[in-house]
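*Asks:* To start, I am sharing the structure in question, which I have written as structure tokens.
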Amino acid sequence: KYILAFETSCDETSVAVLKNGTELLSNIIASQVNSHKRFGGVVPEVASRHHVEQITACIDEALDEAGIVASDLTAVAVTEGPGLVGALLIGIMAAKTFAWAHKLPLIPINHMAGHLMAAALVDTIEYPAMALLVSGGHTELVYVESEGNYKKIGETRDDAAGEAYDKVGRVMGLTYPSGKEIDELAHKGKDTYAFPRAMMTAADGLEMSFSGLKSAFINLVHNAKQGGKDLVADDLENLAASFQAAVVDVLIEKTKRALEQYPAKTLIVGGGVSANQGLRERLATDLTDIKVILPPLRLCGDNAGMIAAAASIEMEKGNLADLSLNARPSLVFRDM
Ligand code: ATP
Ligand code: MG
Ligand code: FE
């Protein structure tokens, strides 16, 4: 059973081949990050153009590296949302065309289900499972009672964790995306500035918020500057460490709460921010009585391998699409 998967929801053009649900034969990722850097974020039109330019070569490379040809395939999978509408449409058009030309079934996939199911590529998920998904556009807790049965139980009300990293990074004079660099700086610094941990009362439950932290960071730097102190120039590592400690404290606390409310056998951590070393260290020390699956870095960011992993389950369930499939830029998991 071979699935060819497409992922073009944001700024990575990716095509992968997955064998029998867990064996990733190829996972080609063409990143456009260098084209977006100078704008300090992803420019949708630029992203779509890049996807158009890259996708055909990615398909060829994915099949080549997997050592198979189109007639070996069982199905085609594609991210239908959430993401940038123009970017999603390129992957969907490519997947539909490929499926039609080779008479293959088409499987539509939620991008966040992909981030979650990246875990299946590295270990066995035991259900019920809990997932902490932290990425550039999302920060949410997802309860997975059984395979493919995703329910959102908590999320950020405003900024995603990755978005907060990238916005704070701009104030720190770092290039976009700045999560990785802040993570590295944080490791050389200490938690010295008392940044707020929002929505931590019992009544706040599993909801999160990171925009106040971002504002607090910007205000601290701005006010210090008014007073003649340049914290960015003189104390960057401690600033990074303090910011990261605040983000990680909230993520760990909310994950613990989620597991108290919805006991699970496996904790999955996914999305670009799950690459964060500070978060990984705290998971290792604070969540010892549950099996934790943390995908390797190359499976944390956007990639089609994770889309194929999620598709393998949907295929079993017969959740297919026809050629009328359209992009769903605001697709969300159902609430619990
Ligand atoms: P979404 O998945 O919500 O649609 P996205 O696909 O843009 O958004 P990802 O590609 O999964 O998000 O993740 C990108 C984000 O991860 C960026 O905000 C980036 O700064 C952040 N990130 C990457 N590495 C790290 C790290 N080590 N520490 C913190 N953040 C990181
Ligand atoms: Mg990305
Ligand atoms: Fe993503």
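What follows is calculated from the coordinates using simple rules that are stated; it is not laboratory data. Every value quoted in this text rests on a predicted model; they were computed, and no experiment measured them. Cβ placement follows ideal geometry from the backbone for every residue including glycine, while neighbour counts extend to all protein chains displayed.
*Asks:* Roughly how many Å is it from the Cα centre of the stretch 119-141 to that of the stretch 143-178, as a whole number?
*Replies:* The stretch 119-141 and the stretch 143-178 have Cα centres spaced 13 Å from each other.
*Asks:* Excluding same-chain residues fewer than 8 positions from Lys1, which aspartates and glutamates have a Cα within less than 13 Å of its Cα?
*Replies:* List returned: Glu23, Asp72, Glu316.
*Asks:* How would the stretch 67-127 be classified by its alpha-carbon gyration tensor: rounded, prolate or oblate, with rounded meaning a/c under 1.5 and the a/b versus b/c comparison settling the rest? Don't skip to the end; give the middle numbers.
*Replies:* On the way: a/c = 2.64, a/b = 1.22, b/c = 2.16.
Oblate is the answer for the stretch 67-127, as a/c is 1.5 or above yet b/c matches or exceeds a/b.
*Asks:* Return the long-range amide H neighbours of Ser26 (sequence gap of 5 or more, or a different chain), with a cut-off of under 5 Å between placed amide H atoms.
*Replies:* Hits under the 5 Å cutoff: Val17.
*Asks:* Here is a further query. What whole-number distance in Å separates the alpha-carbon centres of the stretch 1-20 and the stretch 260-309?
*Replies:* 20
*Asks:* Right, another one. Ordered by residue, what ³J(HN,Hα) values in Hz, to whole numbers, does the stretch 161-170 give under the Karplus form 6.51 cos²θ - 1.76 cosθ + 1.60, where θ = phi - 60° and Gly and Pro are x?
*Replies:* Computed from phi, the couplings for the stretch 161-170 are 4, x, 5, 4, 4, 5, 6, 5, x, 5 Hz.
*Asks:* Same structure again: Label the stretch 79-184 by shape, choosing from rounded, prolate and oblate, from the square roots a ≥ b ≥ c of the eigenvalues of the Cα gyration tensor; if a/c is under 1.5 it is rounded, and otherwise prolate applies when a/b is larger than b/c, oblate when it is not. Intermediate results must be reported in sequence, preceding the final value.
*Replies:* Values: a/c = 2.28, a/b = 1.32, b/c = 1.73.
Oblate is the answer for the stretch 79-184, as a/c is 1.5 or above yet b/c matches or exceeds a/b.
*Asks:* Which of the trypsin sites (Lys or Arg not before Pro) found in the stretch 229-296 are in a DSSP loop and have at most 14 neighbouring Cβ atoms, other than their own, within 10 Å?
*Replies:* Details: sites: Lys229, Lys254, Lys256, Arg257, Lys265, Arg280, Arg282, Lys291; in loops: Lys229, Lys265.
Here the trypsin sites (Lys or Arg not before Pro) that fit, given the DSSP loop and packing criteria, are Lys229, Lys265.
*Asks:* Tell me which residues come under 5 Å, amide H to amide H, from Ile293 once H is placed; ignore anything under 5 positions away on its chain.
*Replies:* Leu267, Ile268, Val269
*Asks:* Further question: Past 29 Å, Cα to Cα, is the threshold; run Lys103/Lys317; Lys188/Lys254; Lys254/Lys317; Lys19/Lys256 against it and keep the listed order. Intermediate values should be presented prior to the final figure.
*Replies:* Working: Lys103/Lys317 19 Å; Lys188/Lys254 26 Å; Lys254/Lys317 31 Å; Lys19/Lys256 34 Å.
Lys254/Lys317; Lys19/Lys256, as the Cα separations exceed 29 Å there.
*Asks:* What is the ratio of the Cα radius of gyration of the chain to 2.2 N^0.38 Å, where N is its residue count, to two decimals?
*Replies:* Details: Rg = 20.1 Å, N = 336, 2.2 N^0.38 = 20.1 Å.
In units of the globular-protein estimate, the chain measures up at 1.00.
*Asks:* Using only Cα atoms, tell me the angle between helix 211-226 and the longest principal axis of the chain; keep it within 0 to 90° and round to the nearest 10.
*Replies:* 40
*Asks:* Okay, moving on. What are the ³J(HN,Hα) values, in whole Hz, obtained from phi via the Karplus relation 6.51 cos²θ - 1.76 cosθ + 1.60 with θ = phi - 60°, for each residue of the stretch 38-45 in sequence order, with x given for Gly and Pro?
*Replies:* Here the 3J(HN,Hα) series is 5, 9, x, x, 7, 8, x, 5 Hz.
*Asks:* Pop out the ³J(HN,Hα) list for the stretch 124-140 in order, Karplus 6.51 cos²θ - 1.76 cosθ + 1.60 with θ = phi - 60°, rounded to Hz; leave Gly and Pro as x.
*Replies:* Result, ordered by residue: 8, 7, 9, 9, x, 10, 10, 10, 9, 9, 10, 9, x, x, 9, 9, 8 Hz.
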